[in-house]
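Just so it is clear, none of the values below were taken in a lab; they were calculated from the coordinates. Everything quoted here is computed from the prediction, not taken from an experiment. Using ideal geometry, Cβ is built from the backbone for each residue, glycine included, and neighbour counts are taken over all protein chains shown.
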Amino acid sequence: MPSIQSARILILATHGYERSELRVPLDQLTARGAKVSIASLTKEPIKSWDEKNWGDTVAVDLTLEEVSINDFDALVIPGGQINPDLLRKEQKAVDLVKTFVNSGKPVAAICHGPWLLVEAGAVKGRKVTSYDSIRTDLINAGADWRDEAVVTDQGIVTSRNPGDLDAFVAKIVEEVEEGRHERRAA
């Protein structure tokens, strides 16, 4: 069980991530001592969506091909409509999520981020939450959807929206410090 001060966290994102849903976990986890890396489809900086328009960019540390799950203790998937929709069409991104789920390491997704959990086959029979507009997608994939700020099921952490970010990050810290979770494979 790593302490958050020695944890290595991977954020999976591409263009159109909801700015706060990447920045707040990045900043709060880093402030607690975690080493946080960002993986994307290419090494080019990725542009955020900030409420109603394009926002700033963030540097990418690794491409999906460069990621080794052994180098990380947890995976975080920010939302926004664009980011997870683009990533769920990329088999390498879906495979990375499946690998994390199957490893038992914590996986955290917020807002529309759970779309990647659906593609990875990781929500069937699990309690989850999400942005309300994708509730039916999760239910149709077999999830037990809840309207709660944060829902955790065997180390899979889901959250609804930017208003839940503090609770979301606190639960990520808790799950990382608990270590691996026994769960069925995705």
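Overview of values
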| item | result |
| --- | --- |
| Cβ crowding within 10 Å averaged over residues, with 105-118, 16-29 ranked highest first | 105-118, 16-29 |
| Cβ-Cβ FRET estimate between Asp137 and Lys92, R0 fixed at 22 Å, reported to 0.05 | 0.55 |
| Convex hull of the chain built on C-alpha atoms - directionally averaged projected area, nm² | 8.8 nm² |
| Dmax and Rg, reported as Rg then Dmax, of region 1-107 (C-alpha, Å) | 13.1, 40 |
| Full-extension gain in nm, Asp56 to Glu174, via 0.36 nm per residue minus C-alpha separation | 39.5 nm |
| For region 1-149, share of DSSP beta bridges that run antiparallel, in % to the nearest 5 | 20 percent |
| Amide H partners (placed H, <5 Å) of Trp54, local residues excluded | none |
| Dipole magnitude of the chain about its Cα centre (Cβ charges: Lys, Arg +1; Asp, Glu -1), debye to nearest 20 | 340 debye |
